[in-house]
Ligand SMILES: Cc1ncc(COP(=O)(O)O)c(C=O)c1O
């Protein structure tokens, strides 16, 4: 095509870019499983047990009406500015106070890195620790976002089985004893995503000791730690071995995900590396959210809010467990969470819960099939149910629909 006055480059109809030839190899591992879960969670005519969303009733909107004018009047210069990469001093102080008060081991604000949500903490540490081909141990099943973060950096993600008391210590010992030394062990010890189970108190020291002996760092994800229904919490792994454990926390489940705020604390060399990595990603978590969060936590508002949230989630979990008891056919079993957002359901062996998704949508109920929560094979006959965001009045009906599906007798039969 020759250039002309109206088409100076001579490219009146340039060929369309073929994006599929441009993507980096790692894009194949990015996966869109979480996006799929979140998109289902947005539909309104479906009773949605899928996304691990907090209940909006727990968001502190009325209090924010009070706090925000003060933040803007007194601290706009900081709240609306870039913040230091490791976080605003007050935000780090707030996390230090929260952790010190709830985990029985003093933490200095200087040891805290403020992240843009828990998921960013995972990204940062994986970026700085994991080489392609490294072994990474996770619970089987485990949090999809973590599995995807590790797989995205081309780790060999290996599941260690859990039971109703969490990670099986014997299986962990066997995994540590064979093959190459794993780069890290990732655990969610409290009210785990997706199973809802917690690591038994008597297993915590042995897990730490085994990893210490093998020189394997532990990544402890405490996303649901503060949401035990009776308000109690077990010994954190970080408090047992701060030189070996990096702890990742989030305000998404205890304040609001809209803040996109989390934290990391642990061994100084690793936190320094994560801070350097953050400099090359978002540079800093949003100062506005950090300022409001700090006001909220240092103003002493969290304990009462947590008490209310625990009551709400306890009630919803109870409604779900009662409904499961009332409606599920024989051969189906489920976990009984003592906190957090999830019940983990096991259908008979021959069922693949992925095959039930279309029928479930027709019946107006959503869940997450079990298989993606495993890095390897397994979990096909399991599924995750989040009771956290479903109105009390809809929980039984949702479970009734699911039971219809599992009985294989309803209009949603696949
Ligand atoms: C176990 C676990 N860790 C981390 C996160 C990430 O939370 P966020 O990035 O919203 O802070 C989640 C969210 O679902 C989770 O379930």
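None of the figures in this text is laboratory data; all of them are computed from the coordinates on show. What you are looking at is a predicted structure, and each value in this text was computed from that prediction instead of being measured. Note: ideal-geometry Cβ built from the backbone for every residue, glycine included; neighbour counts use all protein chains shown.
In the chain, the calculated helix contribution to ellipticity at 222 nm averages -12500 deg cm²/dmol per residue, counting -39,500 (n - 2.57) for every DSSP H run with n ≥ 4.
Could you check which residue among 20, 236, 252 shows the biggest mean-square fluctuation in a GNM of the chain with a 10 Å Cα cutoff? With Cα springs under 10 Å in the chain, the top fluctuation among 20, 236, 252 is at 20.
Computed with the Debye formula from one identical point scatterer per Cα of the range 74-223, without solvent, the log10 of I(q)/I(0) at q = 0.09, 0.10, 0.12, 0.17 Å⁻¹ comes to -0.33, -0.41, -0.57, -1.04.
Between residue 163 and residue 16, the modelled labels are 5.6 nm apart [label points 7 Å from Cα along Cα→Cβ]. Taking the alpha-carbon centroid of each part, what is the distance from the range 347-364 to the range 134-190 in angstrom? Comparing the Cα centres of the range 347-364 and the range 134-190, I get a distance of 27 Å.
Return the percentage of antiparallel bridges among DSSP beta bridges fully within the range 191-278, rounded to the nearest 5 %. For the range 191-278, the DSSP antiparallel bridge percentage is about 50. Under 13 Å from a label point set 7 Å out along the Cα-to-Cβ vector of residue 205, the amide N atoms of the range 232-246 belong to 235, 240-241.
Work the Kirkwood hydrodynamic radius out for the range 269-374: mean of 1/r over every pair of different alpha-carbon atoms, inverted, in Å. Could you put the intermediate results ahead of the total?
Numbers: mean 1/r = 0.0547 Å⁻¹.
Radius from the Kirkwood sum: 18.3 Å.
With both residues required to sit in the chain, DSSP beta bridges show an antiparallel share near 55%.
Rounded, prolate or oblate: which fits the chain when a ≥ b ≥ c are the square roots of the eigenvalues of the alpha-carbon gyration tensor, with rounded for a/c under 1.5 and prolate only if a/b beats b/c? In terms of gyration-tensor shape, rounded. Compared with the direct C-alpha span, the chain from residue 65 to residue 101 gains 10.3 nm at full extension, assuming 0.36 nm per residue.
Roughly how many Å is it from the Cα centre of the range 317-344 to that of the range 198-250, as a whole number? Using only Cα atoms, the two centres lie 26 Å from each other.
Provide the gained length on full extension for the span residue 24 to residue 282, in nm with one decimal, where the gain is 0.36 nm per separating residue minus the Cα-Cα distance. Please list the in-between numbers first.
Values: separation 258, 0.36 × 258 = 92.88 nm, distance 2.06 nm.
Taking 0.36 nm per residue and subtracting the Cα distance, the gain is 90.8 nm.
Please say if the range 177-302 is rounded, prolate or oblate, where rounded means a/c under 1.5 for a ≥ b ≥ c the square roots of the C-alpha gyration tensor eigenvalues, and otherwise the choice is prolate for a/b larger than b/c and oblate otherwise? It is oblate, given that a/c is not under 1.5 and a/b is not larger than b/c.
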